[in-house]
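Everything below concerns the one structure shown next.
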Amino acid sequence: MSTLKDVSIIVKWNGKEFPITDLSDQETVAVLKHEIAKLTNVKPERQKLLNLKYKGKFATDELRLSALELKTNFKLMMVGSLEADIQDVQNTIDNRDVIDDFDDDNEERTSYNFHKMEMYLAKVEKRVRSYKIQELNPPRESKRLLVLDIDYTLFDHRSCAQSAAELMRPYLHEFLTSAYEDYDIVIWSATGMRWIIEKMQMLGVATNPNYKILFYLCSSAMISVYHSELGALDVKPLGLIWGKYKQYSAKNTIMFDDIRRNFLMNPQSGLKIRAYRQAHLNRQKDNELVKLTKYLKDIATHCDDFTQLSHRKWEKYNPKSS
């Protein structure tokens, strides 16, 4: 039996009310602030939660909400300033550079069992019920699943160029064409849906006749987790897809992203791709997608259970030894 309790909070700020319902009592104050920031664009460090107190003092970030014994629809009074105009902040969120804090493969940072924690599994179940997927094309029988990030994975979204084609990762369409033979393809970006649709149109992915995209997922499909060292983080839980499409599972799903922490809910299924930056300098020498095309084909042909693979060693994969 679950020991988690849902927490519902109404944040009052700047004359408006912002309901937050995607929390359990086992979440921390840091995650609460993270969720508030997504709704208000007031950064956590700028937030002052006036009536969120514990033993007469302001609640600290690591404190669990259960300790505060909040009533249903607790009205939380907040003061805090925006860094800039709301639209500017949103553009910053949608186009941010993210430093991957897991690049050093620090064992303590990467061994957290977020994917086994009840409160985060409950969050995923809630996403399965609440997030509406707009299917672009139907899933195909017996196909595996490939989930792809956009920024710095398929596209250098920060460099300047005359056209999107100049910023597109080399061999993108060849890669997707080959992958489509064995995999249904999902695009999942930590940005808004409007930006995803626009980028897929600009890159010609949405209209290419040689492959089809199953659907897009945006930032609102992600969930927040709390890392004791790094604070609140948004991650991409594949359980959202698996909960809606029973034909996919950890056994036949692989996800590419240039940010390793996006895999925290599915560490076995993630492959960290080298970030594609400075397209004008690297366009002629980047062949990451060529090598990954072969890897995807090899594991689709020779591996029936992807949970037996170590994607960190993908460049050394030998199908003959499988």
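Read-outs throughout are calculated quantities, based only on the coordinates presented, and are distinct from any laboratory measurement. If you're wondering where the values come from, they're calculated on a predicted model, not measured in any experiment. Backbone-built Cβ (ideal geometry, glycine too); neighbour counts: all protein chains shown.
A few remarks follow.
- Each helix, a run of at least 4 DSSP H residues, gives -39500 (n - 2.57); summed and divided by the residues of the chain, these come to -7000 deg cm²/dmol at 222 nm.
- Local electrostatic count at Phe18 - Lys and Arg +1, Asp and Glu -1, tallied over other residues with Cβ under 13 Å: +2
- Stretched out straight at 0.36 nm per residue, the stretch from Lys244 to Glu118 would grow longer than its current Cα-Cα span by 43.4 nm.
- Per-bin percent of Cα-Cα distances, the stretch 282-322 [5 Å]: 5, 21, 33, 20, 10, 7, 4, 0
- Least to most buried among Val205, Val147 (fewest other Cβ within 10 Å first): Val205, Val147
- On Cα atoms only, tilt of 288-302 relative to the major axis of the chain in degrees: 80 degrees
- Using alpha-carbon coordinates, inclination of helix 29-40 to the longest axis of the chain, degrees: 80 degrees
- At an R0 of 35 angstrom, the distance between the Cβ atoms of Ser142 and Asp234 translates into a FRET efficiency of 0.60.
- Only Lys, Arg, Asp and Glu carry charge here, each on its Cβ (+1 for the first two, -1 for the last two); on that basis the chain has a dipole of about 580 debye about its Cα centre.
- Positive dipole terminus of the stretch 6-94, leading residue within Asn41, Gly56, Trp13 (C-beta point charges): Gly56
- Ranked by how many other beta carbons lie within 10 Å on average, peptides 51-58, 245-252 from highest: 245-252, 51-58
- Here the simple spin-label model places points 7 Å from the Cα toward Cβ, and for Glu166 and Arg274 these points are separated by 2.3 nm.
- Inter-part distance, the stretch 293-322 to the stretch 138-160, computed on C-alpha centroids, equals 19 Å.
- Reported to the nearest whole Å, the Cα centre-to-centre distance from the stretch 176-217 to the stretch 1-72 is 36.
- Antiparallel DSSP beta bridges within the stretch 107-321, as percent of all bridges there, nearest 5: 25 percent
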